[in-house]
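The values are calculated or read from the model by the stated rules, or taken from the named source; none is laboratory data. Remember, it's a predicted structure, so these values are computed and weren't measured experimentally. With ideal geometry, Cβ positions are generated from the backbone for all residues, glycine too; neighbour counts draw on all protein chains shown. Heads up: the accessible areas ignore ligands, DNA and RNA and are worked out on the full protein's heavy atoms, side chains in. Shrake-Rupley method; radii C 1.70, N 1.55, O 1.52, S 1.80 Å.
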Amino acid sequence: MSVCNTTGLSLEQQERWPYLYRHLIEDIEVPDLSSIELTHIETLDNELSDLIKKIGDAKATSRESLTKHLKGLLFRRFGKNAVVEAFGSTVTNLSIGTGDLDLCLSFKGKQPAKVLKKLSGLLHEEGMENIQSIPKARIPIVKFKDPRSGLDVDISLDNRLAIHNSEMLKSYAQEGRLQRLVQMVKYWASRRGINNAFEGTLSSYAWTLLSIQHAQLVQPPLAPNRQKGAKSNQVSIKGVTYDIGFNNERYPTENNQSLASLLISFFERFATRWDWENMVVSIRNGEALTTKAKKWQHTGPLPLEVVTGADDGRMEHVMPIEDPFNHEHDLSRVVRAEGAMSIQNEFMRIIELLSEGTTWKEICEPVMELEEEPNDLFHDLRSTPANEIAQRLEELRANLEVVETQIRELVEERQNSNELLDLLRGGMREARNVRSDRQQILSELRPLSMKVQEMREVRDGINQRIAIPTNRIKQEMMRIFEKLTAEVDIFNAPNLGVERGDFAYFFELQAMYEASLKSNEAHQEFIRLRREQNQEYRALKKTKKREEDVLTRLVESNPALEGIHPNPKSVKEFQKNAKLLQRSINEQYSTKHELRREIGRLEAWQRISKRKQRDSDGNRHRTQRNQRSRRPRAPEVNINEVRQKASSGDSISLNELDALLSKGGIASIGSSDRQKQQQKQRQSKKRSSRKIDIRQGRTRGRKESRK
Ligand code: GTP
Ligand code: MG
């Protein structure tokens, strides 16, 4: 069966991690690197120096001009409040040419919330490719590729700590052998596909820290602990305080090991001796910390358990590496199970290959097909007839015109759409105000109506009981009062019964009078409340009118808003439309940039071809005129001089550029040196042909011993 019974790895996984797999299923002894032959080390050392000369920072100029360009771009977009600083290998002197360009974008004052979104839009307009924005990362970041230089760029927001630790790395890189060790480790990790934090392996930064730790631990030490005993320098970043102090003095090392030995012992240390389960890499401490002291013990499943599906838990502290300034940050946090398996596999592989004396070139053979840069920009045009190129150019220009028109239209449409959206939002705000006013009126109207009703009931209740107007009651009271209080005619005195009746009637009238007054009061209050109520009704009516006015105004300001209600739903629809438009604009921008590049390339080729044609015509005439003085024609351009000029950054003419491109291109710069080196290597190979025998013998021997 294809799944291994012992490890649980599928056939595909066994093939993916062959070195590790063999170590898992067989009881193989890890090769001992301390017995590598001295001659092997020397050869390796020569190979490494050649490689370092070659890789240098081939893209230093591109990096510099791209940084300048991006700085200008961001300045124009965000003003002087936006500060752009480079960090990472661009400033640490630890670049291997293929690394990315790390930029930090910080804002004085408050950081605009939508900055990443704006940035992505801007980069699209600039024709950048593979733009990925990761706003929710620990450090928000935009990643993209600049198609002109081929450089990958990371712009992170407010990554202050990275700027400080880059300064410290630069300080460590003062020691040339450590600088080269880092470069070689990064080169190996990059070619073997294990230095990409986004793909679940260790970042270049993490490999750099491992190299520094190694340099601190070799005997005698190659690098000091720059933080130990350094003057404290506390900075506060996003509310957390870090001590970024370090010593920047030159370190007089007594170590005189070659780069090759340092590299071999690096792999020996981390691939075979380092107890990853109990040790934490810590350059701040100058030596390992224990995972126990650091409270960074491995938790969760082992990588093997995850990749075989035996456990899907979360792994913590797989290869603990402490950030020198942010002590809580373990750089292996990004390592996923598959990444950890690949790293272990590469460790096993390099140990085996080094022990066999394999060349560094073979050791660093790329895992994936690397994108070979075409060494001739015009390679496909050299055999294309001029009229075909002219026709292609015409088509491209026509396409460009179409695309530019489309962009203009789309941009216009986006502007219109944004305008409508703004109007709609304004309308929504106004409508919201009107609605809240209406709500307010209604909330006041409800108790008012109840009071009106109450007063009406009080008044009507009394009136029902009395049924006589107040005036009449008053007159009756006066009459009875006068009757009761008039002088008594002793001859005609009222009898007692009549007088009692009058008194009772008077008291009744008095009670009726009081009730009638109350009824009047209730009536007055009723009237007042009704007036108030009417006012509120009128205000309510006005809000209706205002709402209608909002709609009318909206349509008046832009007839396209006819029938659209200023509510959150329509706003959302407009926003969705704006997003789609933006996406189309970005796509068109990419097409436009591609077309422009291709047009530029064809035009340059046409200019070169015309110049060539003119030169050869001139030569033919000259040759005809001077038939007799047939001297050998001097070469038009001296390719070696051109190479020298190009490598030293001097400007070169179109003719020279063409000569350079047709003779191996940019990659050929320094090739004369390389040729000499290759010759030297061939000679040294001849001299050390015994070495190859030894290596083959060893391999055979090992195989035999395995039997
Ligand atoms: P290349 O780009 O491959 O040349 O390597 P580099 O030296 O620029 O390292 P990398 O691009 O991985 O990281 C750039 C800088 O980011 C480092 O020098 C650190 O200053 C900073 N950094 C801080 N924390 C982290 C982290 O967790 N991961 C990574 N990748 N970088 C960090
Ligand atoms: Mg970098």
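Points to keep in mind about this one:
- At least 2 residues being open to solvent by less than 40 Å² (accessible area, probe 1.4 Å) and either within 16 Å of ligand 1 (Cβ to nearest atom) or under 19 Å from residue 189 (Cα atoms) (or both) is the threshold, and among the helices (runs of 4 or more DSSP H) wholly inside the stretch 265-383 those reaching it are 337-355, 360-363.
- Filter result (among the polar types (S, T, N, Q) and in contact (Cβ under 8 Å) with a residue 12 or more places away in the chain) within the stretch 521-556: 533, 543
- Residue match in the stretch 153-160 (condition: within 14 Å of ligand 2 (Cβ to nearest atom), within 30 Å of residue 53 (Cα to Cα) and not charged (D, E, K, R)): yes
- Scanning the stretch 71-101 for residues that are more than 10 Å from ligand 2 (Cβ to nearest atom), small (Gly, Ala, Ser) and at pLDDT below 85 gives 79, 82, 97.
- Residue, farthest from residue 17 (Cα to Cα), within the stretch 165-176, restricted to residues that are more than 9 Å from ligand 1 (Cβ to nearest atom), open to solvent by less than 40 Å² (accessible area, probe 1.4 Å) and in contact (Cβ under 8 Å) with a residue 40 or more places away in the chain: 171
- First in the stretch 560-576 and at negative phi and assigned to a helix (DSSP H, G or I), second anywhere and open to solvent by 30 Å² or more (accessible area, probe 1.4 Å) and aliphatic (A, V, I, L, M), Cβ under 8 Å, 6 or more apart: 561/423; 561/555; 570/564
- For the stretch 190-232, taking the residues that are without any contact (Cβ under 8 Å) to a residue 40 or more places away in the chain and within 16 Å of ligand 1 (Cβ to nearest atom), the one that is farthest from the chain's Cα centre (by Cα) is identified as 207.
- Long-range neighbours under 8 Å by Cβ, at least six apart or interchain, first residue touching a residue at least 24 places away in the same chain (Cβ under 8 Å) within the stretch 12-25, second open to solvent by 40 Å² or more (accessible area, probe 1.4 Å) and in a helix (DSSP H, G or I): 17/344; 20/344; 24/304
- Residue within the stretch 106-117 that is out of contact with any Gly (no Cβ under 6 Å at 6 or more places or on another chain), in a strand (DSSP E or B) and away from ligand 2 (no atom under 15 Å from the Cβ) present: yes
- Residue check for residue 256: within 26 Å of residue 177 (Cβ to Cβ) and without any contact (Cβ under 8 Å) to a residue 12 or more places away in the chain: yes
- Residue 139 vs. criteria over 23 Å from residue 329 (Cβ atoms), assigned to a loop (DSSP other than H, G, I, E, B) and within 16 Å of ligand 2 (Cβ to nearest atom): no
- Residue in the stretch 74-81 that is surrounded by 15 or more Cβ atoms within 10 Å (Cβ to Cβ), part of a helix (DSSP H, G or I) and touching a residue at least 60 places away in the same chain (Cβ under 8 Å) present: no
- Test result for residue 247, more than 12 Å from ligand 1 (Cβ to nearest atom), under 23 Å from residue 93 (Cβ atoms) and loosely packed, with under 13 Cβ neighbours inside 10 Å: no
- The residues of the stretch 564-587 that are open to solvent by 40 Å² or more (accessible area, probe 1.4 Å) and over 22 Å from the mean Cα position of the chain (by Cα), listed by number, are 564, 565, 567, 568, 569, 572, 573, 575, 576, 577.
- If you check 74, 70 for being in contact with a strand residue (DSSP E or B) (Cβ under 6 Å, 6 or more places away or on another chain) and closer than 30 Å to residue 120 by Cα, only one passes: 74.
- Qualifying residue in the stretch 521-534 (condition: touching a Lys or Arg at 6+ places or on another chain (Cβ under 8 Å), over 30 Å from residue 426 (Cβ atoms), open to solvent by 30 Å² or more (accessible area, probe 1.4 Å) and not charged (D, E, K, R)): yes
- Residue list for the stretch 59-111, filter: aromatic (Phe, Trp, Tyr) and within 16 Å of ligand 1 (Cβ to nearest atom): 87
- Residue tally, condition open to solvent by 70 Å² or more (accessible area, probe 1.4 Å) and of a type in the set (A, V, I, L, M), over the stretch 551-563: 0
Here is a yes/no grid of residues against (1) at pLDDT below 90; (2) of a type outside the set (A, V, I, L, M); (3) open to solvent by 50 Å² or more (accessible area, probe 1.4 Å):
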{"residue": "396", "(1), (2), (3)": "no, no, no"}
{"residue": "402", "(1), (2), (3)": "no, no, yes"}
{"residue": "406", "(1), (2), (3)": "no, yes, yes"}
{"residue": "417", "(1), (2), (3)": "yes, yes, no"}
{"residue": "420", "(1), (2), (3)": "yes, no, no"}
{"residue": "435", "(1), (2), (3)": "yes, yes, yes"}
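- Residue tally, condition under 16 Å from residue 265 (Cβ atoms) and under 42 Å from the mean Cα position of the chain (by Cα), over the stretch 16-45: 4
- Test for residue 431: is it touching a Pro at 6+ places or on another chain (Cβ under 8 Å), in a helix (DSSP H, G or I) and in contact (Cβ under 8 Å) with a residue 40 or more places away in the chain: yes
- Between 456, 425, the distinction of being under 30 Å from residue 582 (Cβ atoms) and in contact (Cβ under 8 Å) with a residue 12 or more places away in the chain belongs to 425 only.
Conditions (1) open to solvent by 60 Å² or more (accessible area, probe 1.4 Å); (2) farther than 30 Å from residue 123 by Cα; (3) modelled with pLDDT under 85, marked per residue:
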| residue | (1), (2), (3) |
| --- | --- |
| 14 | no, yes, no |
| 17 | no, yes, no |
| 24 | yes, yes, no |
| 29 | yes, yes, yes |
| 40 | no, yes, no |
| 50 | no, yes, no |
| 61 | yes, no, yes |
| 64 | yes, no, no |
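- If you check 349, 336, 314, 269 for being closer than 24 Å to residue 204 by Cβ and without any contact (Cβ under 8 Å) to a residue 60 or more places away in the chain, only one passes: 269.
- Test: residue in the stretch 369-391 that is more than 26 Å from the chain's Cα centre (by Cα) and closer than 30 Å to residue 281 by Cα: no
- Flag for residue 139 being within 14 Å of ligand 1 (Cβ to nearest atom) and of a type in the set (A, V, I, L, M, F, W, C): yes
- Within the stretch 177-234, restricting attention to residues that are open to solvent by 20 Å² or more (accessible area, probe 1.4 Å) and aliphatic (A, V, I, L, M), the residue that is nearest to residue 280 (Cα to Cα) is 217.
- Residue 46 open to solvent by 70 Å² or more (accessible area, probe 1.4 Å) and within 16 Å of ligand 1 (Cβ to nearest atom): no
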